[in-house]
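Structure first, commentary second.
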Amino acid sequence: MTTTHTEGRNGANPYQMALEQLAIVAELLNLDPNIHEFLKYPERELTVHFPVQMDDGSVHIFTGYRVQHNRARGPSKGGIRYHPHADLDEVRALAMWMTWKCAVVNIPYGGAKGGVMCDPKKLSLKELERLTRRYATEISVIIGPESDIPAPDVGTDPQVMAWIMDTFSMHRGYTVPAVVTGKPIPIGGSEGRIEATGRGLVMIASRCSQMLNIPLQGARVVIQGFGNVGSSAAKFFHEAGAKVIAVSDAVNAVYNPKGLDVPVLLKHCVRREGTLPQYAEGDIITNEEMLELPCDFLVPAALGNQITSHNATRVKAKVIIEGANGPTTPEADRVLTEAGVFLVPDILANAGGVIVSYFEWVQDLQSFFWSEDEVNQKLERVLISAFDDVVRTAKTRKVDMRTAAYIIGVGRVADAIITRGIYP
Ligand code: GLU
């Protein structure tokens, strides 16, 4: 299969990275080579080029994708990313990671991802709506509550999900809330969904802190990214008594070894990039310097390909909890494992989002909604039991946490494929 260009991501291709991670575990699992071959490719890839009328009257052609990697365990599930670098290989990698993510936390889904190559920050609200409604129309041939269920990702939010739900419902002639998750509450969204990924990261951090004897109270935390995931993680770390010593957005990173005033940053800086230095009492540092700060917990919650062979030897965190998808390259993984860093991989660490998406879908299908407490309790049960399974596998197989998570995730998908058999 031809792979797409790699500019804008420090040269690394996320799909190649995903294939490399799969190859490592295929060998360890003694995976049937035919199944390995099958899993290398997405089952379906839809590319769409579509026109959007801009506010100035001009028409711009955008390119988008919806990739369904595997559907052996259930309908495919995964977010939609609006980003200038959301090209086909990035979406393929993200779709594959969704397959393993849903399998490792044992929710009955396969994996998918969508993307539109655009910079949502440069679009007006009306342009964003027209782009979303047209993209939703283009991919409506393969999405649906029984087939493939999108959700938010980088550059998209509950409002974008509302437009997708509305567009899909208009075509059907009736309301179909379960076609997307991460919707606003009044139209079938779930309590707790917005904060679920960040909440899940801190549930896992808390489990790590018990296991590794690093008290969360007073722990030094560095969080890269102050979007939905990074900012919620900052909130829950702060509530747990940890000291958030550095945070960043796409423009700046700020550092204060005594701890930043998280409530003030949450009040003023969420969704307002570039404003961190205005409200944080601390030094402005670069994103690269931030990843190398001495700390107890490092949470990369921005984009992929951040901890690489170039900087891994300088990472001083005791624990890394991956909020983003694909922040660490396989070479960096090897360096970190050797250095004894405890890394909780993306497909486990940030699964809180898709777990509560699953709860949202279930609530929509049964038209019966749960309280936030109920959602959070169920989230904790599913996530922590998956975490404990991965820890056990890491111990018994004597492998790092990513490999252990892959052994469970890929193993479950392979089982489903074998059990179903090859059609026809
Ligand atoms: N985009 C999120 C992820 O990468 C959520 C996906 C979902 O809820 O379907 O896990």
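Of all the residues in the stretch 349-393, those that are among the hydrophobic types (A, V, I, L, M, F, W, C), assigned to a helix (DSSP H, G or I), more than 14 Å from the ligand (Cβ to nearest atom) and more than 17 Å from Gln210 (Cα to Cα) number 1. Out of the residues in the stretch 89-114 that are open to solvent by less than 30 Å² (accessible area, probe 1.4 Å) and over 13 Å from the mean Cα position of the chain (by Cα), which is nearest to Ile61 (Cα to Cα)? By that ranking, first place goes to Asp89.
Among the residues of the stretch 282-303, at least one is in contact with a Leu (Cβ under 8 Å, 6 or more places away or on another chain), open to solvent by less than 20 Å² (accessible area, probe 1.4 Å), touching a residue at least 24 places away in the same chain (Cβ under 8 Å) and within 14 Å of the ligand (Cβ to nearest atom). Here is the figure for the stretch 134-155: residues that are of a type outside the set (Asp, Glu), at negative phi, open to solvent by 20 Å² or more (accessible area, probe 1.4 Å) and touching a strand residue (DSSP E or B) at 6+ places or on another chain (Cβ under 9 Å) total 7.
In the stretch 193-216, which residues are part of a loop (DSSP other than H, G, I, E, B) and either in contact with an Asp or Glu (Cβ under 7 Å, 6 or more places away or on another chain) or open to solvent by 40 Å² or more (accessible area, probe 1.4 Å) (or both)? Outline the logic, then answer.
Kept after step one, since they are part of a loop (DSSP other than H, G, I, E, B), are these residues of the stretch 193-216: 193-195, 213-216.
Hits for the stretch 193-216 are Arg193, Ile194, Glu195, Asn213, Ile214, Pro215.
Considering the stretch 63-88, the residues that are open to solvent by less than 10 Å² (accessible area, probe 1.4 Å) and closer than 19 Å to Asp119 by Cβ include one that is nearest to the ligand (Cβ to nearest atom), namely Gly79.
Selection of first residues in the stretch 175-192 that are part of a loop (DSSP other than H, G, I, E, B) and open to solvent by less than 40 Å² (accessible area, probe 1.4 Å) and of second residues that are β-branched (Val, Ile, Thr) and more than 14 Å from the ligand (Cβ to nearest atom), restricted to Cβ pairs under 8 Å at least 6 apart or on distinct chains, gives an empty result. Of all positions in the stretch 339-358, at least one carries a residue that is surrounded by fewer than 17 Cβ atoms within 10 Å (Cβ to Cβ) and either hydrophobic (A, V, I, L, M, F, W, C) or over 18 Å from the mean Cα position of the chain (by Cα) (or both).
The set of residues in the stretch 156-167 that are under 24 Å from the mean Cα position of the chain (by Cα) and within 17 Å of Val48 (Cβ to Cβ) comprises Thr156, Val160, Trp163, Ile164. Is it the case, given these coordinates, that Ala95 is free of Cβ contacts under 8 Å to residues at least 60 places away in the same chain, within 13 Å of the ligand (Cβ to nearest atom), out of contact with any helix residue (DSSP H, G or I) (no Cβ under 7 Å at 6 or more places or on another chain) and farther than 16 Å from Asp415 by Cβ? For Ala95, the condition - free of Cβ contacts under 8 Å to residues at least 60 places away in the same chain, within 13 Å of the ligand (Cβ to nearest atom), out of contact with any helix residue (DSSP H, G or I) (no Cβ under 7 Å at 6 or more places or on another chain) and farther than 16 Å from Asp415 by Cβ - is met.
Just one of the listed residues (Thr156, Thr181) is within 12 Å of the ligand (Cβ to nearest atom), under 30 Å from Phe297 (Cα atoms) and in contact with an Asp or Glu (Cβ under 7 Å, 6 or more places away or on another chain), namely Thr181. Scanning the stretch 286-303 for residues that are more than 14 Å from Gly230 (Cα to Cα) and part of a loop (DSSP other than H, G, I, E, B) returns Thr286, Glu292, Leu293, Pro294.
Just the residues that are closer than 18 Å to Phe387 by Cβ and in contact with a Phe, Trp or Tyr (Cβ under 8 Å, 6 or more places away or on another chain), please, taken from the stretch 185-202.
Kept after step one, since they are closer than 18 Å to Phe387 by Cβ, are these residues of the stretch 185-202: 196-202.
Across the stretch 185-202, the qualifying residues are Gly198, Arg199, Leu201, Val202.
Answer yes if at least one residue in the stretch 245-256 is within 16 Å of the ligand (Cβ to nearest atom), open to solvent by less than 30 Å² (accessible area, probe 1.4 Å) and either modelled with pLDDT of 95 or more or within 29 Å of Val91 (Cα to Cα) (or both), and no otherwise. Within the stretch 245-256, none of the residues are within 16 Å of the ligand (Cβ to nearest atom), open to solvent by less than 30 Å² (accessible area, probe 1.4 Å) and either modelled with pLDDT of 95 or more or within 29 Å of Val91 (Cα to Cα) (or both). Restricting the stretch 228-242 to residues that are crowded, with 24+ Cβ neighbours inside 10 Å and of a type in the set (Gly, Ala, Ser) leaves a set whose member that is nearest to the chain's Cα centre (by Cα) is Gly230. In the stretch 323-348, how many residues are assigned to a helix (DSSP H, G or I) and of a type outside the set (A, V, I, L, M, F, W, C)? The number of residues fulfilling the criteria is 7.
Number of residues in the stretch 177-202 that are over 11 Å from Glu360 (Cβ atoms) and of a type in the set (S, T, N, Q) equals 1.
Among residues belonging to the stretch 114-147 that are touching an Asp or Glu at 6+ places or on another chain (Cβ under 7 Å) and not hydroxyl-bearing (Ser, Thr, Tyr), point out the one that is farthest from the ligand (Cβ to nearest atom).
Our first condition is that a residue be touching an Asp or Glu at 6+ places or on another chain (Cβ under 7 Å); within the stretch 114-147, this holds for 115, 117, 124, 126-127, 142.
Okay, now just the ones that are also not hydroxyl-bearing (Ser, Thr, Tyr), so 115, 117, 126-127, 142.
Working: Gly115: 11, Met117: 17, Lys126: 25, Glu127: 23, Ile142: 15 Å.
Only one residue fits best here, namely Lys126.
The values are calculated or read from the model by the stated rules, or taken from the named source; none is laboratory data. Every value quoted in this text rests on a predicted model; they were computed, and no experiment measured them. In this analysis, Cβ positions are derived from the backbone assuming ideal geometry, glycine residues included, and neighbour counts consider all displayed protein chains. Heavy atoms of the whole protein, side chains included, go into the accessibility calculation; ligands, DNA and RNA do not. Shrake-Rupley method; radii C 1.70, N 1.55, O 1.52, S 1.80 Å.
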